[in-house]
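Have a look at the structure below, then the notes.
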Amino acid sequence: MSISSLFDIKGKTALVTGGSRGIGLMIARGFVEAGVKTYISSRKAEACERAAKELSKIGECIPLAHDLASTAEVHKLADEVKAREKKLHILINNAGAAWAEPIDQYSESGWDKVVDLNLKAVFTLTQALLPVLRAAGTADDPARVVNVGSIDGFLSPTLESYAYSASKAGCHHLTQHLAKHLAASHINVNAIAPGPFDTKMLAPVLATRRKELEESVPRQRIGNDDDMIGAAIFFCSRASSYVTGAILPVDGGIVAAAYTNNAVAIE
């Protein structure tokens with residue numbers, strides 16, 4: 001086997017949730033360029049169709065508009081994929097939301113919105129797509145589920161985004177739990193934990209504090225498209241066939257530095 005073939009994902013079929021913008025769009029673009037038939041979902045039909053039209057100039061991309069904050073919509077998306085495909089090689093659970101408020105005012109509706117989308121929908125969609133994931137997986141090249149967590153699932157954020165950090169920590173643990181139970185079905189489950197990337201979610205911070213944020217990253221920069229695409233392709237190619245239950249920070253060293261700075265020397 002050539003080294004390049006280890007990272008070849010051409011001919012696979014993928015679903016990327018939240019694929020019309022940000023990190024989801026980065027991953028979807030990488031897949032399409034790599035020859036993957038890529039479905040993208042988004043709660044906004046117009047944005048989903050616009051992104052798919054742009055990516056279709058490169059390869060095959062199909063828009064499926066569904067709001068995954070609703071369990072009924074999660075099942076509708078899964079049913080639509082299963083009606084179109086007998087096998088799904090790759091599921092990227094990326095759709096997510098954030099909410100920040102002072103603790104004394106932190107609303108139940110904000111909490112439920114974030115946890116339902118960032119955690120519950122990840123489990124429900126994976127569960128609903130198991131038949132086509134199992135059909136795609138083999139001993140040599142398992143099907144892949146990649147959950148998009150966050151470094152906020154490792155660290156305590158400065159922002160009062162309690163539901164977000166809790167949901168992302170839960171997503172990391174769910175990843176490992178699923179990995180244990182789905183390995184026998186030839187399905188690998190891993191997670192990417194992004195640090196700062198140039199996305200709409202981070203736009204307000206980057207608009208006023210970009211230099212400060214860049215200087216706080218050990219690699220001294222914000223993540224770019226290639227950083228995310230490379231991690232996603234690794235997790236979805238034969239190169240990672242023996243990797244499951246891993247949580248990979250793609251963060252320029254933020255988590256590693258935080259753990260090192262907080263370490264207590266024992267003599």
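What follows draws every value from the coordinates through simple rules; no lab data is involved. Source: prediction; values computed, not measured. Counting neighbours? That spans all protein chains shown, and the Cβs are built from the backbone with ideal geometry, glycine included.
Before moving on, here are some points about what is shown:
- Residue list for the stretch 190-206, filter: in a strand (DSSP E or B) and either surrounded by fewer than 16 Cβ atoms within 10 Å (Cβ to Cβ) or small (Gly, Ala, Ser) (or both): 191, 193
- Residue 114 being in contact (Cβ under 8 Å) with a residue 12 or more places away in the chain, in a helix (DSSP H, G or I) and in contact with a Ser or Thr (Cβ under 6 Å, 6 or more places away or on another chain): yes
- Residues (out of contact with any helix residue (DSSP H, G or I) (no Cβ under 7 Å at 6 or more places or on another chain), assigned to a helix (DSSP H, G or I) and crowded, with 17+ Cβ neighbours inside 10 Å) located in the stretch 207-250: 227, 231, 235, 236
- Tally, over the stretch 32-49, of residues that are surrounded by 20 or more Cβ atoms within 10 Å (Cβ to Cβ), part of a loop (DSSP other than H, G, I, E, B) and of a type outside the set (A, V, I, L, M): 0
- Enumeration of residues in the stretch 118-153 that are basic (Lys, Arg), under 17 Å from the mean Cα position of the chain (by Cα) and outside any strand (DSSP E or B): 120
- In the stretch 62-88, the residues that are part of a loop (DSSP other than H, G, I, E, B) form Cβ pairs under 6 Å with partners that are of a type in the set (Lys, Arg), at six or more places apart or across chains, as follows: 66/76; 67/43.
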